[in-house]
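Novice: Okay, here's the structure, questions in a sec.
The values are calculated or read from the model by the stated rules, or taken from the named source; none is laboratory data. Just so we're clear, the structure is a prediction, and the values are computed from it rather than from any experiment. Cβ placement follows ideal geometry from the backbone for every residue including glycine, while neighbour counts extend to all protein chains displayed. Areas reflect the complete protein model, heavy atoms only, side chains present, ligands, DNA and RNA absent. Shrake-Rupley method; radii C 1.70, N 1.55, O 1.52, S 1.80 Å.
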Amino acid sequence: MFFKIVSIISSLTLVSRILGYVRDLLIARFLGAGLISDAFFVSFKLPNLFRRLFAEGSLNSAFIPVVSGIQSKFGKKKSDEFFSTIFSLLLSFLFILLIICEIFMPMIIKLIAPGFNENPEKFLLSVDLARLTFPFVVFVCLTSLVGGYLNTLGKFAAMAVTPIILNLTMIFTLIFFFSNENQIHLAKYLSFSISLAGLLQIIWILIHLRNNDSSLNFKLPKIKFLKKPSPEIKKFFILLSPAIIGNGAYQLNLLIDMILASTLPDGSISFLYYADRVNQLPLGVLGIAISTALLPILSKQVKQNKKKEANQSISKAIKFGIFFAIPAFFGILFLSDEIIKLLFFRGEFDISDVSLTAKALVALSFGLPAFILIKILVVPFFANENTKTPIRISLFCMLINLILNLILIGKFLHVGLAIATSISAWVNVAILSYFLTFKEKYSFNTSILTLLIKVIISSISMGIVLYLFIEKNILSFVGIDILSNNILLLLSILLGTITYFLTSYFLGIEKLYDGKWNQKSG
């Protein structure tokens with residue numbers, strides 16, 4: 001069941017990421033990396049931050065354990081009522097938040113991009129674009145809640161499709177207005193399309209909710225109800241606030257990076273954004289998919305007091321993450337320049353932008369395995385309704401990230417911000433592992449270390465192949481020197497992947513795929 005769920009989510013997420021690259025390719029083509037693109041990415045960062053914090057984890061980290069308990073004890077009718085109550089409260093809160101943020105958007109931009117204050121044109125454009133994108137927050141948070149409820153019913157595909165809707169909407173907007181040579185107008189159309197996509201997402205997910213015979217009854221919250229909420233509502237809100245920080249450390253670190261990057265030369269925010277987009281492919285396909293699949297399974301095992309099965313589920317998830325995260329890191333490390341050149345080198349995005357973005361990508365890639373492991377390691381805490389520990393760890397790591405940012409930004413500029421993010425992520429993994437082992441009494445399978453060694457050996461073998469093809473251009477030695485750089489890159493990735501899987505097979509890693517991965521849990 002676990003492997004099936006991860007496969008469904010990963011496949012749909014992969015489609016979304018591919019469309020996301022088409023989207024970003026078009027953005028780079030038309031906006032490049034400069035004043036207008038920086039303003040757009042800041043405005044996009046606001047709703048995107050909420051999407052990453054809510055739609056990809058935190059809201060459901062608080063909601064799923066509580067609603068799973070209600071389903072187990074009282075049945076589906078009671079869980080529908082609880083879901084309707086949370087939906088009503090969330091919608092009311094988000095509507096008020098939307099009005100406040102639209103009014104005070106200039107102050108918000110000053111907070112998240114203080115460096116823009118020195119450039120009135122850049123600042124005012126960011127405010128206008130942010131006001132167009134911010135309604136997306138309302139739609140994406142509600143979509144996340146409905147999607148989380150569908151997950152507890154064993155329905156994962158509908159929610160995994162929602163990012164595809166966002167990417168397609170933005171792509172169609174860029175294609176439709178591509179002839180418009182006014183970059184500011186294009187940025188405004190693109191910003192509005194983000195909110196439009198949010199509306200389409202909530203319509204999509206509500207249709208699937210209805211098809212699964214689940215009832216949603218919106219009721220305006222009453223003052224009396226807010227003063228005396230039910231125990232389940234109390235538990236949900238107690239879990240929610242720390243879950244947002246505990247599950248979103250990586251995104252909050254990126255927000256800190258953006259705040260500091262706004263003080264750097266034009267284009268710095270864009271370089272970090274493009275680099276993060278490439279780094280997000282394995283993180284989104286693997287880390288988010290694994291944690292999304294693991295949470296409902298682990299929550300049920302915890303509720304049923306099945307400690308042994310819970311330990312096995314966590315160990316399987318970690319193994320799965322390691323098997324794909326390490327080679328992804330090696331691949332990005334050796335191919336960063338070529339990947340950025342293939343994806344973005346056209347139009348307004350020049351060769352200097354390629355180099356500066358690739359350097360940031362290399363720095364972020366060192367933290368890639370850590371980013372994926374964090375997504376997995378926080379799940380046991382949330383399944384046990386323990387959000388205090390992850391939030392304390394995250395706050396500590398955010399402090400480390402901020403200190404490193406201030407140390408490294410002077411010499412390494414935007415690359416220093418990426419280095420700090422990676423280092424703080426590894427510190428987060430180390431502390432989470434310690435608390436899971438010695439405080440929560442989870443025991444990791446010792447075969448994880450054996451797998452890690454084999455994966456590193458296989459990844460090094462893959463790295464040698466990539467080095468020979470890209471750096472040494474080995475094909476020229478055998479008389480083949482007519483391939484374009486893009487074809488050479490794709491050929492290198494194909495041969496590197498084959499090398500990795502063959503080496504893994506000969507080292508015995510094929511045991512990772514035995515029938516145990518498909519056993520139902522709980």
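Novice: Pairs K76/K388; K188/K375; K78/K219; K234/K439: which are spaced more than 23 Å apart, C-alpha to C-alpha? Write down the numbers at each step before the final one.
Specialist: Details: K76/K388 29 Å; K188/K375 34 Å; K78/K219 16 Å; K234/K439 25 Å.
Exceeds cut-off: K76/K388; K188/K375; K234/K439.
Novice: I need the per residue convex hull volume for segment 306-447, using only the alpha carbons, in cubic angstrom as a whole number.
Specialist: In segment 306-447, the Cα convex hull volume per residue is 127 Å³.
Novice: Let me ask another. Accessible surface of F237 in the full protein assembly, 1.4 angstrom probe, to the nearest 10 Å²?
Specialist: Approximately 100 Å² of F237 is accessible to the 1.4 Å probe.
Novice: Suppose all protein chains stay in the model; what accessible area per residue would a 1.4 Å probe give for segment 102-148, in Å²?
Specialist: Numbers: 1750 Å² over 47 residues.
Per residue, segment 102-148 has 37 Å² of solvent-accessible surface.
Novice: With N set to the number of residues, divide the alpha-carbon radius of gyration of segment 410-469 by 2.2 N^0.38 Å and report two decimals. Intermediate values should be presented prior to the final figure.
Specialist: Working: Rg = 16.9 Å, N = 60, 2.2 N^0.38 = 10.4 Å.
The value comes to 1.62.
Novice: Note the direction-averaged projected area, equal to a quarter of the hull surface, for the Cα convex hull of segment 98-242, in nm². Please list the in-between numbers first.
Specialist: Working: hull surface 46.8 nm².
Projected over every direction and averaged, the Cα hull of segment 98-242 covers 11.7 nm².
Novice: May I pose another question? Cα extents of segment 376-426 along the three principal axes, largest first, in whole Å?
Specialist: Dimensions of segment 376-426 along the principal axes of its Cα atoms: 43, 17, 12 Å.
Novice: Semi-axes of the equivalent ellipsoid of segment 61-134: what are they in whole Å, largest first, if each equals the square root of 5 times a C-alpha gyration tensor eigenvalue? Display every interim value, and only then the final one.
Specialist: Details: eigenvalues 337, 30, 12 Å².
So the equivalent ellipsoid measures 41, 12, 8 Å along its semi-axes.
Novice: Quick check on packing: order 144-156, 493-505 by the mean number of other C-beta atoms within 10 Å, highest mean leading.
Specialist: Values: 144-156: 21.5, 493-505: 17.0.
Top to bottom by mean Cβ count within 10 Å: 144-156, 493-505.
Novice: Separate question: Please report, in whole Å³, the volume per residue of the convex hull around the C-alpha atoms of segment 118-172.
Specialist: On the way: hull volume 5.1 nm³, N = 55.
Cα convex hull per residue, to the nearest whole number: 93 Å³.
Novice: To continue, here is another question. Translational D (Stokes-Einstein, µm²/s) of segment 340-391 at 25 °C and 0.890 mPa s when Rh comes from the Kirkwood sum over C-alpha pairs?
Specialist: Details: Rh = 13.7 Å.
My calculation gives 179 µm²/s for D.
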